[in-house]
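As structure tokens, the structure follows; a few thoughts come after it.
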Amino acid sequence: MNTERINELRKEWKAEEKIAHIHGWDFSHIAGRYEEEEDLPWDYEKIVKEHLRSDAKIFDFDTGGGEFLLSLGHPYENTAATEGYPPNVELCKETLLPLGIDFKPCDDAKNIPFKSESFDLFINRHGDFDAAECYRLLKKGGLFITEQVGAKNDRDLVKMVLPDVPEPFPTLMLDVQKAEFKKAGFTVERAEEAFRPIKFYDVGAFVWFAHIIEWEFPDFSVEKCFDRLLAMQEEIDKNGFVEGTIHRYLIVARK
């Protein structure tokens, strides 16, 4: 790779680094430049909708910007949500509260500001959770549905650029979490785990992604990881993409 191209790549990647931010949970900036979750063996949205009824009180913890919650079309007066990431909290205040959704800021999964036995359905996609607190908030017979990012998520990508970084959440394994839900008093009705590919078609998209998913890529920067990013570029030049592995698991549990 010649010096001119290396300098141009550095410029492009630093530009991606500079603009890396997120509004809600919006990855449209890298749409078409990467892909993931194309072939999970379950459909989280379909599972949630199968258990919805119009009079059910539903709750979404770590709702992001409320995008998924709103897509359900559930009656607003029967809908509640929390979010802890400050920019998304403000977004939810602007979008959810005017609709009549009971939104409250919260960044502590063990202390959620709602009364015990408030909800028929508790949903959580890629957010934090505490099994005992989920049990407290659900009515008898209520259901908790979660799709989670597992402990092994993106680990091969992390090692490509930050080889010494440990797993940030080593207990997020299906067997460990199933045991936690059973201990809290739940009956686990469904539990599945999947490892699937994630592909990046240009390194700039990866740079943006790594800054957004900062808990997986702590202290990542173009300068710090530049030589490793060049190696990633060489793989893309050869194969058309660089590939890692996502780790997901699904739990459906009833009180």
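Observations on the model:
- Partners of Lys178 within straight-line reach, counting aspartates and glutamates whose Cα lies under 17 Å from its Cα and excluding those fewer than 8 residues away in the same chain: Asp128, Asp130, Glu133, Glu147, Glu189, Glu192, Glu193.
- Take the Cβ atoms of Asn111 and Glu90, set R0 to 22 Å, and the FRET efficiency comes out at 0.55.
- The Cα-based radius of gyration of segment 162-221, divided by its Kirkwood radius, gives an Rg/Rh of 1.12.
- In segment 197-231, the GluC sites (Glu not before Pro) that fall in loop regions by DSSP, at most 13 other Cβ within 10 Å: Glu214, Glu223
- Relative contact order (%) - criterion: Cα under 8 Å, at least six apart; region: the chain: 24 percent
- Of all DSSP beta bridges in the chain, antiparallel share, percent nearest 5: 55 percent
- Structure note, pairs Lys115/Lys255; Lys93/Lys139; Lys140/Lys182: Cα-Cα distances above 21 angstrom occur for Lys93/Lys139.
- Taken over the C-alpha atoms, segment 131-255 has Rg and Dmax values of 18.1, 56 angstrom.
- Sequence of His21, His126, His74 once ranked by neighbouring C-beta atoms within 10 Å, starting from the fewest: His21, His126, His74
- Applying 0.36 nm per residue to the separation of Ala31 and Lys11 and subtracting their alpha-carbon distance, the gain on full extension is 5.1 nm.
- Checking every one of the GluC sites (Glu not before Pro) in segment 6-65 against DSSP loop status and a limit of 16 other Cβ atoms within 10 Å picks out Glu37, Glu38.
- Within a straight-line Cα-Cα reach of under 18 Å, Lys159 can be paired with the following lysines, leaving aside sequence neighbours fewer than 8 residues apart in one chain: Lys199, Lys224.
- Rg followed by Dmax, in Å, when segment 3-254 is reduced to its Cα trace: 19.7, 66
Where a number appears in this text, it was derived from the coordinates with a stated rule and is not lab data. The model shown is predicted, which means the values in this text are computed figures rather than measured ones. Positions of Cβ are generated from backbone atoms using ideal geometry, with glycine treated the same way; all protein chains shown enter the neighbour counts.
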